[in-house]
1. Quick check of the Kirkwood formula: for chain B, what is the inverse mean of 1/r over all pairs of different Cα atoms, in Å?
2. Given the protein chains as shown and a 1.4 Å probe, how many square angstrom of B:W193 are accessible, to the nearest 10?
3. For segment A:3-83, what is the relative contact order in percent, using Cα pairs closer than 8 Å and at least 6 residues apart in sequence?
4. Projecting each Cα onto the charge dipole of the protein assembly as shown (Lys/Arg +1, Asp/Glu -1 at the beta carbon, about the Cα centre), which of B:A398, B:L135, B:T228 comes out farthest on the positive side?
5. To the nearest 20 Debye, how big is the dipole of segment A:3-83 about its Cα centre, given +1 on the beta carbon of each Lys and Arg and -1 on that of each Asp and Glu?
6. Under the Karplus relation 6.51 cos²θ - 1.76 cosθ + 1.60, θ = phi - 60°, what is the ordered set of whole-Hz ³J(HN,Hα) values for segment A:17-22, x standing for Gly and Pro?
7. Can you give the angle from 0 to 90° between the axis of helix B:129-144 and the longest principal axis of chain B, with both taken from C-alpha atoms, to the nearest 10?
8. Projecting each Cα onto the charge dipole of the protein assembly as shown (Lys/Arg +1, Asp/Glu -1 at the beta carbon, about the Cα centre), which of A:Y42, A:N75, B:L152 comes out farthest on the positive side?
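The values are calculated or read from the model by the stated rules, or taken from the named source; none is laboratory data. Being a predicted model, the structure only gives us computed values, none of them experimental. Virtual Cβ from ideal backbone geometry, glycine too; neighbours counted across all protein chains shown. For accessibility, only protein heavy atoms count, side chains too; no ligands or nucleic acids. Shrake-Rupley method; radii C 1.70, N 1.55, O 1.52, S 1.80 Å.
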Amino acid sequence: MFLINCPYCGERDQQEFKAGGEAHIERPKQPTELSDDEWAEYLFMRKNIKGVQFERWNHAHGCRKWFNMVRDTSNDEIKAIYKMGEKPPSQ
Amino acid sequence: MFSMKSKYSVFSIIKNAFSYHENWGKAWKDPTPKKEYDAVIVGGGGHGLATAYYLAKKHKMNNIAVVEKGWIGGGNTGRNTTIIRSNYLWDASAGLYDHALKIWEGLSQELNYNVMFSQRGVMNLAHNLQDVRDLKRRTHANRLNGIDAVYLSTEEVKKFCPIINTSPDIRYPVLGGTLQRRAGTARHDAVAWGYARGADAMGVDIIQNCEVKGIKRNGNSVEGIETTKGFIKTKKVGVVAAGHSSVIANMAGLRLPLESKPLQALVSEPVKPIIDTVVMSNAVHAYVSQSDKGELVIGAGTDDYVSYTQKGSHQIVEGTLNAILELYPIFSRMRMLRQWGGIVDICPDASPILSKTSIKGLYFNCGWGTGGFKATPGSGDLFAHTIANDEPHKLNAAFNLNRFVSGDLVDEHGAAAVAH
């Protein structure tokens, strides 16, 4: 449990948010040309990092907007928050 | 397999009583790692120790080691709510989990170690019409697979566990339930200790405080592991690292279809016997049993974000306790004693992975998510078979990594009983 600084609403309890998993997984540009292996990679395989991870979050019980977060999964410390479409901060 | 000197019996208890129980032998040694093993198991939890035990016992691989970054049984093995059952929906899962349940039934005798396996029954409650349909379907599927299961009416639920509030006026009334009488609980620590003692007696090195830092490869084959106690040469590495499976996979350049999330549990102060079975409720997310010490053992849900903190959010526990109180008003003045979290590795289809990988000699046993404890003996047995033969046993063939490519998933979200 921690506080999240929503880029639209400000600091709120994590309970208001929904985690959306790993960020920056690009949707295949030519889905019809993907092999089964590439589909599996896109759909199921995850980095699941212990340490600094890039993720998507949704302010589900607030403004309902999506945004990105850089968070250390080993201690839940939030390193950065940035809006959808913005470039991720360099680590 | 145990010498008479180390076999636990009523005679050994009497004999040791004369020396005030101060001269019991160590249950397992504390060896320094050898330079090379025929196989190394990464992770000294129940599944890893069971794997080592069956590798030595059934496949005569005695020159093997288990490396554990902390102490054995200190991860999810010591953190779960100890529930054992096999009432899963699909044929593949029924085969896997009932294989484990059958081993549980003779495990204390086999290990010469009391794992306190108690077939007190597990009841799964239905709270809405879809639950009723799903649970009836699962009961039929179980019986077709030779797994004992009965569907209970609301009255029968009340008769089996009188403290449940079956009033139609509660928010999510009890519309029925299923009962697996062969299901129950076991003492989780004893499972790790029993397997460790058994494996040790057959020559397995159990190396604690030894964290894996890297996996050395020669081309596409495993050559050994880098650890905090130095390099260990081996051609076979079986990874049984639960929530940290992805961490080990990343060392080998593999990605797994896993997300690691906190799962919480809590126990109350000890009270006199009040609930003599295990009751699980998926819809309102509450499950409860009572330990032999008298504590209520309560399982909560997972948080929805990836975290390795072994903590969890307060509202998850609060939600579970709200449901517990509605179903069991008699617990309203119970005080909770402890709360903790474990890191569970969750697969997209809520089924485990016991599989070879694209790297020769590297095997993964992971993805048990919120319900791995029940499968410990079967998981160890089948994973040992997979490692020894470099081929899966027919009972774990469906639980290969390739199912995420072929699409042949084993969707057990309904039977997993913990929403995720």
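1. Here the Kirkwood hydrodynamic radius works out to 22.0 Å.
2. Only protein atoms counted, so the area is about 90 Å².
3. The value is 31 percent.
4. B:T228
5. So the magnitude is around 360 debye.
6. Once rounded to whole Hz, the list reads 10, 10, 6, x, x, 4.
7. 50
8. Checked the options; the winner is A:N75.
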